[in-house]
Amino acid sequence: MPEKKKYVSVILPLKLDWLPCYSVPAEEEIRSGDRVKVVFANKSYSGIIAGCDIRPDTDPARIKDVTYVDRNLSPVTQEEIRLWKMVADYYLCSVGEVFKAAYPALKISQEEALARRLESERARRRKTIEGIRLKIARLEDNLYKKKKKLEESEKSSRKKEKTVARLIEDIGKINEMIIGLKGRLEEISEAGPESGTGIGPEDREDQGTEIRLTEAQETTYRQTLEAFGEGKPVLIKGVTGSGKTEIYLKLARKAMSEGKNVLYLVPEIAVSRQLRERLHVIFGDRVLTFHSEETAAARRNTAEKIRRSESDGRRYIIIGTRSAIFLPHTCLGLIVVDEEHDSSYKQDSPAPRYNGRDVAVMLATIHGCPLVMGSATPSLESVFNAGCGKYAMLNLDTRFYRAREAAVEIIDTSAERRKNGMTGSFSKKLVSMMEKTLQDGEQVLILRARRAFSPVLQCPECGEILKCPHCNVSLSLHKNPDRMMCHHCGYSAAFDPHCPKCGAVMHGLGSGTQKIEEETQALFPGARIGRLDSDTSGPQAVDIINKFNAGETDILIGTQIVSKGFDFPGLTLAAVIAADSLLGVQDFRADEKAFQILEQLRGRCGRREKQGVFMIQTNQPDHPVYRQLAEGNGDSFYRILMSERSEFGYPPFTRIMNLSIKDEDETRVELLSARLSGVLKTVLSETAGTMPDIVSDPFRPPVDRISGNHIRIIRLTLKKDRHLHDMKRLAARTVSEFEKKARCQGHVTIDVDPY
Ligand code: ADP
Ligand code: ZN
């Protein structure tokens, strides 16, 4: 007789649009969230039980057994599975891809190693306990015998004093030994199964002094709580330096005092480090961090603490970048999304191509917990959501320190060049302002949007531009050591200055951060200079930021990263060199993004008593973005941008999806993308109502070849109505059927809400 079975569906870390079915013995106790090993297409995978007692989707005889259920690993929570499903549904990817992002293979193997260690420790302890019990039993047996003997010899007529005395002495000794062993036994079992895992207790209580909010902050704080009461996410639009952080911290403290955990999201690791110090003063060891530069072991530790916090009652505030959303959150009482406009919240690749801010809103819904996001330059999406009542928007217009926002000065570099007013990349106006600032003992921050020494290498004789062999982009020249590098695929080679075409000596064209650093050093030989871009990473970056913060460097040069969220007390002059490279990208979001970066950079300086100065070097001094910074108030600019978006049918009034088609062969990519665009046009127009959703013709992205693949994009612009979700699904289904038919699986990727 065949053994009785039941069937389960399993989430695997793969791009599958269904959940494969497996069987387990009928008597096996199994629940959704359990961790299992299964074989799929002849490979072994770690998976998660999604559904139990399901009806098999094929012939039961062909369904494989679950290889084993790993009882040593903590099951995944139902909230985690719900979030994965929500994310997959919205971003049109598989639940497995979200699972893979949340539980990378390395994390799982770490978990398994920990579980094995715990298990072997438990086994060792069990053995020790058994050994001691056995000893005790033997001793008790011995004791019984001795007592018996003693009785006998006392009764006996021929009793010998000596024997009796020895027996009494022995009995005493044995008793002592038994008591000792019983004590050990208690000690061992009290140590519990978790001892020796390296996760120590954190029992420090709130140790900071109470934060005193200003009246304006207090009002915003109270309004935030009111909006929480209505169940709405809150968007705080607060000018730079208005003290939004202080409000988040008071909200966090409240949530934690009510026995809840707090998730505090920041866009960049570098920003999280400064914040961590600030939080540490208040919350001590209850601050946890989580980001991709931490070791797998550290991340696993954090996840374990959070998982366990449900039962051990310890509460934490977790600062993290977007991936912290996928921790096994329990008892979540507040989510903070700082600098919600920041494009670093968006994951480009691989799937899920999610926006951390928007997934945070999903997470809040699942946990029924309040969410607050803030920015001085909120995204148009969030402003739109506030406008239609989905979010509550609160304004905070006063800065904590009295200084007004930095004065803006626009420098027309083409005009300056004609007047001989430039030295290299710097205008003389900027140089003299820098001199003055340094003389006053204050600090300077310079943004240059390109890293490297020179972003382009060109031959002065024949005009040849050196390109990456795998990508359609020019190679950048990096110094110390001299190397040519591709910023798209990571290709790197020693720099040979001879033109491959004509042999003349090549020159670097334009100046990246390295060159700006060199020029600055030449202009200000006595100044202490730091540089921050993605070439300076990890602990080195922390050091650079800390030094600038402490006033140990005078000038900090860097890419966009320097505009983000920092609070440098001594900084009074900020400048951007070649600002137009921020506007360069042909994209409907270009103006919004440039405005956000520049306004944020301006907000870094003059954050104490003294008003700062913000200088913009540009070839387009009349560009509306710069004019708005100099003259307008942000609000009018938001109105202009918003009405442009509405007029042209761009987000947030519509939703866009980018389909990117990749192939090594250019003819084939052209063919595939033209055909796919045609199919989509037919399918979507058949179902559309009066105003059609728009399927673009395939077009080339700014970089149309990366890592040997030619790329074309098809953009779908979908109406935001009640059919939106169906349309997205229809598009996704059409793409996957197309891929199957054209035998080009994996060549098309879908990006919902691309940035
Ligand atoms: P934002 O994030 O809004 O740009 P921050 O929260 O960084 O501004 O605050 C700017 C500066 O003002 C910080 O140095 C902060 O410590 C200080 N600050 C803000 N509010 C308070 C307060 N209520 N008490 C003391 N210092 C404050
Ligand atoms: Zn390349």
Checklist entry - Would it be correct to say that ILE247 is at pLDDT 95 or above and assigned to a helix (DSSP H, G or I)? => result yes
Item to check | Considering residues of region 522-534 that are closer than 21 Å to ALA449 by Cα and touching a strand residue (DSSP E or B) at 6+ places or on another chain (Cβ under 6 Å) only, the residue surrounded by the fewest Cβ atoms within 10 Å (Cβ to Cβ) | outcome: ILE529
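Criterion first (touching a helix residue (DSSP H, G or I) at 6+ places or on another chain (Cβ under 9 Å), within 24 Å of ILE211 (Cβ to Cβ) and within 16 Å of ligand 1 (Cβ to nearest atom)) does LEU275 satisfy it?
Values: touching a helix residue (DSSP H, G or I) at 6+ places or on another chain (Cβ under 9 Å): yes; within 24 Å of ILE211 (Cβ to Cβ): yes; within 16 Å of ligand 1 (Cβ to nearest atom): yes.
Answer is yes for this residue.
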Checklist entry - Looking at region 8-33, which of its residues are open to solvent by 20 Å² or more (accessible area, probe 1.4 Å) and either under 24 Å from ASP89 (Cα atoms) or modelled with pLDDT of 95 or more (or both)? => result PRO13, LEU14, LYS15, LEU16, ASP17, TRP18, LEU19, ARG31, SER32
Checklist outcome for this item: The residue from PRO621, PRO652 that alone is under 29 Å from the mean Cα position of the chain (by Cα) and either part of a strand (DSSP E or B) or not acidic (Asp, Glu) (or both) is PRO652
Next on the checklist: Being closer than 22 Å to MET485 by Cβ and surrounded by 16 or more Cβ atoms within 10 Å (Cβ to Cβ) is the filter here; which residues of region 536-546 pass it?
Outcome noted: THR536, ALA541, ILE544
Checklist entry - Going through region 719-730 one residue at a time, which ones are surrounded by 15 or more Cβ atoms within 10 Å (Cβ to Cβ) and more than 28 Å from the chain's Cα centre (by Cα)? => result LYS719, HIS723, MET727, LEU730
Item to check | Condition met for ILE561 (β-branched (Val, Ile, Thr), exposed (fewer than 15 other Cβ atoms within 10 Å of the Cβ) and in a helix (DSSP H, G or I)) | outcome: no
Checklist outcome for this item: The number of residues in region 423-453 that are over 30 Å from the mean Cα position of the chain (by Cα) and of a type outside the set (D, E, K, R) is 15
Checklist entry - Checking GLY708 against (1) farther than 30 Å from ILE410 by Cα; (2) over 29 Å from the mean Cα position of the chain (by Cα), which single condition isn't satisfied? => result (2)
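Taking region 630-649 on its own, how many of its residues are at negative phi and either in a loop (DSSP other than H, G, I, E, B) or under 30 Å from the mean Cα position of the chain (by Cα) (or both)? First the steps, then the outcome.
Initial filter on region 630-649 (at negative phi): 630-648.
Still in the running and either in a loop (DSSP other than H, G, I, E, B) or under 30 Å from the mean Cα position of the chain (by Cα) (or both): 631-635, 637-638, 641-642, 645.
Result for region 630-649: 10.
Condition (residue is more than 16 Å from ligand 2 (Cβ to nearest atom), of a type in the set (S, T, N, Q), assigned to a helix (DSSP H, G or I) and open to solvent by less than 40 Å² (accessible area, probe 1.4 Å)) applied to region 382-391: is it met by at least one residue?
yes
Of everything in region 467-505 that's near ligand 2 (Cβ under 9 Å from one of its atoms) and free of Cβ contacts under 8 Å to residues at least 24 places away in the same chain, which residue is farthest from ARG450 (Cα to Cα)?
Here is the first cut: in region 467-505, the ones near ligand 2 (Cβ under 9 Å from one of its atoms) are 467-473, 475, 485-491.
From the residues that got through so far, the ones that are free of Cβ contacts under 8 Å to residues at least 24 places away in the same chain too are 467-469, 475, 486, 490-491.
Numbers: LYS467: 17, CYS468: 17, PRO469: 21, LEU475: 12, CYS486: 13, GLY490: 16, TYR491: 17 Å.
Taking the candidates together, the pick is PRO469.
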Checklist entry - (1) within 30 Å of ASP358 (Cα to Cα); (2) open to solvent by 20 Å² or more (accessible area, probe 1.4 Å): which one isn't true of GLU130, the others all being true? => result (1)
Checklist entry - Going by the conditions given, is ARG357 within 30 Å of GLU310 (Cβ to Cβ) and among the basic types (Lys, Arg)? => result yes
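Can you tell me which residue among PHE400, PHE426 is within 26 Å of GLY603 (Cα to Cα) and within 16 Å of ligand 1 (Cβ to nearest atom)?
On the way: PHE426 fails: within 16 Å of ligand 1 (Cβ to nearest atom).
Answer to the check: PHE400.
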Item to check | Residue check, ASP635 open to solvent by 60 Å² or more (accessible area, probe 1.4 Å) and at pLDDT 95 or above | outcome: no
Checklist entry - Looking only at residues in region 486-518 that are aliphatic (A, V, I, L, M) and buried (at least 20 other Cβ atoms within 10 Å of the Cβ), which one is farthest from ligand 1 (Cβ to nearest atom)? => result MET506
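Looking only at region 356-375, decide whether some residue is more than 26 Å from LYS260 (Cβ to Cβ) and not polar (S, T, N, Q). Spell out the reasoning first.
At the first step, the residues of region 356-375 found to be more than 26 Å from LYS260 (Cβ to Cβ) are none.
Within region 356-375 (the criterion being more than 26 Å from LYS260 (Cβ to Cβ) and not polar (S, T, N, Q)), the answer is no, since none of the residues qualifies.
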Next on the checklist: Within region 564-589, take every residue that is closer than 20 Å to ILE410 by Cα and open to solvent by 10 Å² or more (accessible area, probe 1.4 Å) and give me the one that is nearest to ligand 1 (Cβ to nearest atom).
Outcome noted: THR572
Checklist outcome for this item: Scanning region 237-269 residue by residue, those away from ligand 1 (no atom under 15 Å from the Cβ) and either not basic (Lys, Arg) or not assigned by TED's automatic domain parsing to the domain that holds ALA392 (or both) turn out to be ALA255, MET256, SER257, GLU258, GLY259, ASN261, VAL262, LEU263, ILE269
Checklist entry - Do we have ARG278 as over 17 Å from LEU363 (Cβ atoms), part of a helix (DSSP H, G or I), open to solvent by 40 Å² or more (accessible area, probe 1.4 Å) and out of contact with any strand residue (DSSP E or B) (no Cβ under 9 Å at 6 or more places or on another chain) here? => result yes
Next on the checklist: Exactly one of these conditions fails for PRO233: (1) more than 16 Å from ligand 1 (Cβ to nearest atom); (2) surrounded by fewer than 19 Cβ atoms within 10 Å (Cβ to Cβ); (3) at pLDDT 95 or above. Give me its number.
Outcome noted: (2)
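Pick from ILE306, ILE335: which is open to solvent by less than 10 Å² (accessible area, probe 1.4 Å), over 24 Å from GLY96 (Cβ atoms) and in contact (Cβ under 8 Å) with a residue 24 or more places away in the chain?
The match here is ILE335.
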Checklist entry - Among the residues of region 206-222, is there at least one that is more than 10 Å from ligand 1 (Cβ to nearest atom), buried (at least 18 other Cβ atoms within 10 Å of the Cβ) and of a type in the set (Val, Ile, Thr)? => result yes
Item to check | Of all residues making up region 1-46, the number that are more than 19 Å from THR77 (Cα to Cα) and part of a strand (DSSP E or B) | outcome: 14
Next on the checklist: I'd like to know if region 355-374 contains one or more residues that are surrounded by 19 or more Cβ atoms within 10 Å (Cβ to Cβ) and among the hydroxyl-bearing types (Ser, Thr, Tyr).
Outcome noted: no
Item to check | Count of residues meeting criterion [part of a loop (DSSP other than H, G, I, E, B), of a type in the set (A, V, I, L, M) and open to solvent by 40 Å² or more (accessible area, probe 1.4 Å)] in region 396-422 | outcome: 0
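Would you point out the residue of region 509-554, among those that are among the β-branched types (Val, Ile, Thr) and not in a loop (DSSP other than H, G, I, E, B), that is nearest to the chain's Cα centre (by Cα)? Step through it out loud before you land on a result.
From region 509-554, those among the β-branched types (Val, Ile, Thr) are 513, 516, 520, 529, 536, 542, 544-545, 553; that's our starting set.
With not in a loop (DSSP other than H, G, I, E, B) added as a condition, the list becomes 513, 516, 520, 529, 542, 544-545.
Working: THR513: 25, ILE516: 30, THR520: 34, ILE529: 29, VAL542: 18, ILE544: 22, ILE545: 20 Å.
Only one residue fits best here, namely VAL542.
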Checklist entry - So which residues in region 373-397 are among the small types (Gly, Ala, Ser) and either more than 12 Å from ligand 1 (Cβ to nearest atom) or more than 21 Å from ASP567 (Cβ to Cβ) (or both)? => result SER379, SER382, ALA386, GLY387, GLY389, ALA392
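The values are calculated or read from the model by the stated rules, or taken from the named source; none is laboratory data. All values derive from a computational prediction rather than experimental measurement. For neighbour counting, all protein chains shown are included, and Cβ atoms are generated from backbone atoms with ideal geometry for every residue, glycine included. Ligands, DNA and RNA are excluded from the accessible area calculation, which covers all protein heavy atoms including side chains. Shrake-Rupley method; radii C 1.70, N 1.55, O 1.52, S 1.80 Å.
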